[in-house]
Amino acid sequence: MNNSNNSIAESIALWHEMVEARDFTRLPTIVADDAIFRSPAFFKPYHSSAAVCLILNTVMQVFESFEYDRSFTTESGRDLALEFKASIGEKSLKGLDIIRFDESGKIVEFEVMIRPLNALQKLAEEMSGRLSQYVTQYKDSQPA
């Protein structure tokens with residue numbers, strides 16, 4: 001395994017430790033400064049390490065009984081897909097975290113997909129209530 005793959009493996013291990021502990025204080029150490037977050041509820045992405053860390057920390061506070069089921073990695077090892085299940089109140093959901101790493105093991109892109117629609121709507125409502133005053137500054141200003 002080369003240094004790039006070692007760095008990525010270390011970041012993935014740290015990600016799983018943080019998820020298990022529900023403690024994201026070390027998240028900034030594995031997120032690139034210019035990282036992108038793609039939300040399942042909005043077309044335009046959010047930009048910056050600060051945005052990625054704020055969103056991921058908040059969503060883990062919203063999710064209940066969060067658990068990964070399966071993972072898929074590309075041959076290069078730089079792309080990872082993690083299938084998860086969680087709930088928000090009475091709504092159960094399934095989702096997919098699609099994570100891209102750079103050669104130093106930093107997250108450069110984090111995309112989330114969630115189903116069913118009613119659970120996504122509940123998540124969007126909860127996240128908006130907690131973050132709407134903070135995240136608009138991180139949204140892509142380019143036309144859709």
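The values are calculated or read from the model by the stated rules, or taken from the named source; none is laboratory data. Everything numeric here is computed off the predicted structure, so don't read it as measured data. Here the Cβ is made from the backbone with ideal geometry for all residues, glycine too, and neighbour counts use every protein chain on show.
A single member of Phe43, Phe24, Phe37 is touching a residue at least 12 places away in the same chain (Cβ under 8 Å), over 13 Å from the mean Cα position of the chain (by Cα) and closer than 17 Å to Met127 by Cβ, and it is Phe43. Can you name the residue in the stretch 118-144 that is modelled with pLDDT of 60 or more and of a type in the set (D, E, K, R) and, of all such residues, is nearest to Arg38 (Cα to Cα)? Restricting to residues being modelled with pLDDT of 60 or more and of a type in the set (D, E, K, R), the top hit is Lys139.
Of all the criteria given as (1) outside any loop (DSSP other than H, G, I, E, B); (2) farther than 19 Å from Gly95 by Cα, the one not satisfied by Leu80 is (2). Summed over the stretch 29-38, the residues that are of a type outside the set (Gly, Ala, Ser), within 21 Å of Tyr68 (Cβ to Cβ) and surrounded by 18 or more Cβ atoms within 10 Å (Cβ to Cβ) give a count of 3. Mind checking which residues of the stretch 70-92 are under 22 Å from Glu103 (Cα atoms) and without any contact (Cβ under 8 Å) to a residue 60 or more places away in the chain? Matches in the stretch 70-92: Ser71, Phe72, Thr73, Thr74, Glu75, Ser76, Asp79, Ala81, Leu82. Of the numbered criteria (1) within 16 Å of Arg130 (Cβ to Cβ); (2) small (Gly, Ala, Ser); (3) surrounded by fewer than 12 Cβ atoms within 10 Å (Cβ to Cβ), the one Ala41 fails is (3).
Filtered by the rule that a residue be part of a loop (DSSP other than H, G, I, E, B), touching a helix residue (DSSP H, G or I) at 6+ places or on another chain (Cβ under 8 Å) and over 17 Å from Ala50 (Cα atoms), the stretch 83-113 gives Gly89, Glu103, Ser104, Gly105. Within the set Ala9, Ala32, Ala41, the sole residue that is over 22 Å from Ala119 (Cβ atoms), aliphatic (A, V, I, L, M) and not in a strand (DSSP E or B) turns out to be Ala9. Scanning the stretch 6-28 for residues being exposed (fewer than 12 other Cβ atoms within 10 Å of the Cβ) and of a type in the set (Ser, Thr, Tyr) gives a total of 1. Look at the stretch 54-69: where a residue is assigned to a helix (DSSP H, G or I) and a partner is of a type in the set (D, E, K, R), sitting 6+ places away or on another chain with Cβ atoms under 7 Å, you get Thr58/Arg130; Met60/Arg22; Val62/Glu126.
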